[in-house]
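Reading through the structure tokens given below for one structure.
The values are calculated or read from the model by the stated rules, or taken from the named source; none is laboratory data. Remember, it's a predicted structure, so these values are computed and weren't measured experimentally. Cβ coordinates were reconstructed from backbone atoms using ideal geometry, including for glycine residues, and neighbour counts include every protein chain displayed. Accessible surface areas use protein heavy atoms only, side chains included; no ligands, DNA or RNA. Shrake-Rupley method; radii C 1.70, N 1.55, O 1.52, S 1.80 Å.
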Amino acid sequence: MQSIFGTDGIRGRFNKEITYSLAYKVGYALGSNIENNNPIIIGRDTRISGDILLQAITKGINESGRKFINLGICPTPAIPFLIKKEKMSGGVMISASHNPPEYNGIKIFDHNGQKITKEFENKIQKLVEEQNQNQSVTKKEFSLKTNKELMDIYMKSLIHTMDGENLSGLKIILDTCYGSATTCAKEIFRNLGADVRVINNLKNGLKINMNCGSTNLEPIKKALEENPADMGFSFDGDADRVIGLDSKGNVLDGDHILFLWGRELMEQKILTNNLLISTQMANLGFEKAWNKIGGILYRTDVGDKYVHDAIKEKRAVLGGEQSGHILSKINNFSGDGILTALQIAKYCKKKNITLNDWFKTSFDPFPQKLTNINLDFNINKINPKTKILIDRTIEIYQANNTDNFRVYIRPSGTEPLMRVLVEAKNQTKVNSLSSEITNKLSLEINKIMN
């Protein structure tokens, strides 16, 4: 059996890679591996399949002899926060993050609120493999009461991160993406005094991440044009990512957020070694500008767990991804889109500056183009020799990186895609090189596979 774990937990299409039976086995394996008798906390996003997977996982946990608490629909970062705060034995988030509605996933956290280690994944994998019987959905599933009190504790914790600063006088638009942010984002910003307008704010698992949210900014750009505001924030399906926009619709992605927030921490002399952690996707313009003001940018492989590992290893206080997944010391390095949005708004209020004016002090990005090559196979499930050949082909294209030009190619950790990033100072060069490399790489992969 191939590993069920990818770069961010277990993920796939519901009823194909992610089934009721698998979810039950994972729940049972998790319950059998935790080291204390405290409850396991479970949450989910709005996907239709979330309720079925919740039933399966809780049934497995129950039959392993462990207790659980159902948080219901919530942002992913609520789970690790509450694990630590309430001394839970672990937690599960049922979500496929920014992926389309037909996908779902299972993210597992340990008793410290951290994503589980590779060793823990292997233990769960082993137990899943040993459970031969397939579980099917029973006709009468049990009713799972949600715990609203714990959700209130999480929401209050976000308000406390503002250090007494309010957002009165700020007009803010939020795109909650029909997902987890619908449960609390509007209420939190309003409690802080902001004049808030929210779009895509229904809990709708059929629309989650569909033409909205952090992966599609057109709805929030349109909302800003029709109802001018000081800033906008667009979340993904489970609210662990956010992309910001200023009043003119300029996009504040994860690179800009890290640069601006990092510079504030640098000026306060609380940024360890003036160090930021990001990934291979971070813009060259960001890196050059950060170096110019005395900062160091350390790049990891793509995935928040790699960023998290590097933060811990190098004792950094801030890191993240261009996609808007930002990890900060404030909440024990758990990516939280709502927390990030609050911090950006807080700095604007504190500095008495518009986001548009603050954004003008950020870096000039190099043109980048990210192209996806569709694969009709999962690259992690092909034989080792074929994978080596594909890896060598990728290395050839990446070998020509220079100071002003960069190619980065990687298989997606969550979908059957190869992602090709090309960046250079000149947009025309980026476009031509992107087409050339994508076409050549597609041909090479087809040759290898056939």
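Using a 1.4 Å probe on the protein heavy atoms, what percent of the accessible area of the chain belongs to carbon and sulfur?
On the way: 9350 of 19770 Å².
Here carbon and sulfur together make up 47 percent of the probe-accessible area.
Setting aside same-chain residues fewer than 8 positions from LYS351, which lysines have a Cα under 18 Å from its Cα?
Result set, ordered by chain and number: LYS171, LYS269, LYS360.
Exposed loop trypsin sites (Lys or Arg not before Pro) only (DSSP loop, at most 16 other Cβ atoms within 10 Å): please give the longest stretch of the chain free of them, not including the sites. Show your work: numbers first, answer last.
Working: sites that count: LYS16, LYS67, LYS87, LYS139, LYS140, LYS145, LYS203, LYS248, LYS269, ARG315, LYS360, LYS425.
Segment 361-424 is the longest.
In the stretch 383-450, what GluC sites (Glu not before Pro) fall in a loop by DSSP, with at most 11 other Cβ atoms inside 10 Å?
Values: sites: GLU395, GLU423, GLU436, GLU444; in loops: none.
The qualifying sites: there are none.
Taking DSSP loops as anything outside H, G, I, E and B, show the longest stretch in the chain free of chymotrypsin sites (Phe, Trp or Tyr not before Pro) there with at most 11 other beta carbons within 10 Å. Don't skip to the end; give the middle numbers.
Working: sites that count: PHE142, PHE377.
After excluding every exposed loop site, the longest remaining stretch is 143-376.
Run through the DSSP bridge list for the chain and note the antiparallel percent, rounded to the nearest 5.
Details: 35 of 62 bridges.
Looking only at bridges with both residues in the chain, the antiparallel portion is about 55 percent.
Can you give the calculated 222 nm mean residue ellipticity of the chain, where each DSSP H run of n ≥ 4 adds -39,500 (n - 2.57) and the sum is split over every residue, rounded to the nearest 500 deg cm²/dmol? All intermediate terms of the calculation are to be shown ahead of the outcome.
On the way: 14 runs with 173 residues, N = 450.
About -12000 deg cm²/dmol.
Provide the per residue accessible area, probe 1.4 Å, for the chain, rounded to a whole number of square angstrom. Present the calculation step by step, with values, prior to reporting the outcome.
On the way: 19770 Å² over 450 residues.
Spelled out: the 1.4 Å probe surface of the chain, per residue, equals 44 Å².
Apply the Karplus curve 6.51 cos²θ - 1.76 cosθ + 1.60, θ = phi - 60°, to the phi angles in the stretch 25-32 and return the couplings in whole Hz, x for Gly and Pro.
So the Karplus estimates, Gly and Pro as x, are 5, 5, x, 5, 5, 5, x, 7 Hz.
Past the 21 Å Cα-Cα mark, which pairs from LYS292/LYS350; LYS156/LYS207; LYS305/LYS329; LYS288/LYS350; LYS87/LYS115?
LYS292/LYS350; LYS156/LYS207; LYS288/LYS350
In whole angstrom, how long is each semi-axis of the equivalent ellipsoid of the stretch 35-188, when you take the square root of 5 times every eigenvalue of its Cα gyration tensor and sort them from largest down?
Working: eigenvalues 177, 67, 42 Å².
Each semi-axis is √(5λ); the values are 30, 18, 14 Å.
Once you have the Kirkwood Rh of the chain from its Cα pairs, apply Stokes-Einstein at 20 °C and 1.002 mPa s and quote D in µm²/s. Each step should come with its number before you reach the end.
Numbers: Rh = 22.7 Å.
For these conditions, the coefficient is 94 µm²/s.
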